[in-house]
1. Under a Cβ-only charge scheme (Lys and Arg +1, Asp and Glu -1), can you give me the dipole magnitude of the stretch 177-307 about the Cα centre, in debye to the nearest 20?
2. At 0.36 nm per residue, minus the direct Cα-Cα distance, what do Ile339 and Asp230 gain on full extension? Give it in nm, one decimal, please.
3. Mind jotting down the distance between the C-alpha centroids of the stretch 110-179 and the stretch 257-336, whole Å?
4. In the chain, if every C-alpha pair distance is counted and binned at 20 Å from zero, what percent goes to each bin?
5. Excluding residues fewer than 8 places away in the same chain, name every one of the aspartates and glutamates whose C-alpha is closer than 14 Å to that of Lys53.
6. Would you mind checking the tilt of helix 276-287 against the longest principal axis of the Cα atoms of the chain, expressed as 0 to 90 degrees and rounded to 10?
7. Looking at the chain, which Cys residues are left with no other cysteine's beta carbon under 4.7 Å from theirs?
8. What number, rounded to the nearest 500 deg cm²/dmol, is the helix-based mean residue ellipticity at 222 nm of the chain, given -39500 (n - 2.57) per DSSP H run of at least four residues and division by all its residues?
Amino acid sequence: MKLNLSILILLFNKLYSIVANENIINLSVVACGDRVPETLVLLKSALMFTRSKLNFLIITENNLKHQFTDEFNKWPEFVRHKFTYVISEPKFPSQNEEEWRKLFKLCASQRIFLPEILPNIDSILYVDTDVLFITGLEQIWSHFENFNSTQLAALAPEHEEANMGWYNRFARHPYYGKLGLNSGVMLMNLTRMREFEFVNKIYPLYQIYKYNITWGDQCLLNILFKFHPDRLYEYDCSWNYRPDHCMYGSNCKSAEANGIRILHGCRRVFQSDKEPAFREIYKAFEAYDFEEESRKKLYISIKESFDKPSVKSTYCGGVKDQFLKTLKTELKNHKQIMIETKRSLEMDSTTTLLLEEKQEL
């Protein structure tokens, strides 16, 4: 029996939707200890502005897994329709396992082993848990298209100004470029990393420099790319904007021109009063619940927070245009993204129902 026109149209629309989103974005995060709550806020921010389907690759301790699944189940169905997820436990080399597990921050060195832990994944965006997305993930994901034939990862500089730099003043080991790299936001072509034998190259570097490194796996990445600079693609500081870029005055030129794309609240500034501007933005995203009214409140809350004396009195509070520029643009698109997501869910449900009815006939 031939399918009627309505079913054919639904199937065509569904197929078009699949093709349009065939490039699923893999977002990986490692959350151990007390990092789950801020990770959930991070994942919400990723869903807010991203049109593409997301696949969350979450690595966490076994006793923390339920915190993710319980929260996901509370989110609206149209939001759960936007992403898939895999939750797994941390895996470290059997030799010196505890040493790797506790290097710098609990589980942080896990990112070094992702090429082997995720053998069937081609590419990922890895981020620290203290990150907020101010733009859709398609934007940073598009940097993969700019990689040349040798580049296998992308990172932003640790600093912009030499007189503020850490590596150029204090490092006791080799590091990339003039001012080093920050590893908090990292594009990783895992296929190329496996071909390069990335993990095997890290082991000897650790043995040589382990008593000289301060920031754990970030220092190891700096050492590796110092010796293999052709393997790194470098993007600007707006993709990894940290308190260092404003706490002593504005020093991220790309954020001044284009706004902040990804906010990195390192040194626990999202949870403390060290940098009130970062704290206020985090609180606004934390309160967001995917509804339209919540979207409006988020922007108003952040904008008004820059009038608070505690924020205005800081250097970071003085560059509010950098914080608001991208956010204002992206929030205008947010409503349409949510409409498209709900429509996609309705289309799936209707298509399934009609096909089931047709089979019964």
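Each reported figure results from applying straightforward, stated rules to the coordinates on display, with no laboratory input. Treat the numbers as computed from the prediction; the structure is a model and nothing was measured. Neighbour counts are summed over all protein chains in view; Cβ atoms, including those assigned to glycine, are modelled from backbone coordinates with ideal geometry.
1. The calculated dipole for the stretch 177-307 is roughly 500 debye.
2. So the extension gain works out to 35.0 nm.
3. Answer, in whole Å: 23.
4. Over the chain, the share of Cα pairs per 20 Å bin runs 28, 56, 15, 1 percent.
5. Partners within reach: Glu22, Glu138, Glu340.
6. Compared with the principal axis, the helix lies near 20 degrees.
7. Cys219, Cys266
8. Value at 222 nm, helices only: -14000 deg cm²/dmol.
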